[in-house]
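Before any comments, here is the structure.
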Amino acid sequence: MTAYQYAAIYDALRNRIEAGEFGVGDRLPSISALQEEYDVPSLGTIRAAQQMLVEDGMIRTEQGRGAFVVSVESARSIDPDDALSKALSHISRARAALTAQAIRRVAFDLDATDDTYYVLTSALEEWQSRCDFQAEEEESPLADDLRRWAAHARNLLDTIEAALNREAQEEGR
């Protein structure tokens, strides 16, 4: 080997890792085994090659335990902007999935003559009126919340009425 034996050993080890001979979590052969395999008398040569792999983010070394593969791809070959964009995209997708799973739905079988309809709509109308009244009395951030809640109650009432009207029209056909 030449004066830059460590670079050739680095290339060989990197290629072996990238080819899958050593997977993430695998221990590389010991320094003495690598010295024998690559016919290198110096510990420093193997350590220099390993240090380059450490700098690439492909291995980590533990004194007394050896060198372990932490990535099969060199950090030098990774485009940080692209990797971060992909990671953020995956995080956004995961967050959306978690949000979608947290949705709670309540279904009521309503009939305009049903007690459930009466109780639900009466409670919403009363809550809306109370929120509107309190919002007029309050001059604080709570007033905005009360107005928003009253609007939600009105929207729910409108949705219930629209659904019942659609159902009545469909039954009339």
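Ignoring the sites themselves, the chain has its longest run without chymotrypsin sites (Phe, Trp or Tyr not before Pro) in a DSSP loop having at most 15 other Cβ atoms within 10 Å at 5-107. Dividing the radius of gyration of the alpha carbons in the chain by their Kirkwood radius gives 1.48 for Rg/Rh.
Solvent-accessible area of the chain (1.4 angstrom probe, protein heavy atoms only): carbon and sulfur portion equals 51 percent. Put a dot 7 Å past the Cα of L157, heading toward its Cβ, do the same for R60, and the two dots end up 6.1 nm apart. Our compactness index for segment 6-61, the C-alpha radius of gyration over the empirical 2.2 N^0.38 Å, is 1.01. If you fit an axis through the alpha-carbon atoms of helix 5-18 and take the longest principal axis of the Cα set of the chain, what angle between them do you get, 0 to 90°, nearest 10? So the helix axis and the longest Cα principal axis differ by about 40 degrees. Coordinate range of the alpha-carbon atoms in segment 43-95 per principal axis, descending: 47, 21, 12 Å.
Restricting segment 33-91 to trypsin sites (Lys or Arg not before Pro) that sit in a DSSP loop and have at most 14 other Cβ atoms within 10 Å of their own Cβ leaves R65.
Taking all protein chains into account, the per residue accessible area for the chain stands at 71 Å² (1.4 Å probe). Working from Cα positions, state the angle (0 to 90°, nearest 10) between the long axis of helix 80-101 and the longest principal axis of the chain. The helix 80-101 is inclined about 40 degrees to the chain.
The values are calculated or read from the model by the stated rules, or taken from the named source; none is laboratory data. Everything numeric here is computed off the predicted structure, so don't read it as measured data. Reconstructed Cβ throughout: ideal geometry from the backbone, glycine too, with neighbour counts over all protein chains shown. These accessible areas exclude ligands, DNA and RNA; they are computed on the full protein's heavy atoms, side chains included. Shrake-Rupley method; radii C 1.70, N 1.55, O 1.52, S 1.80 Å.
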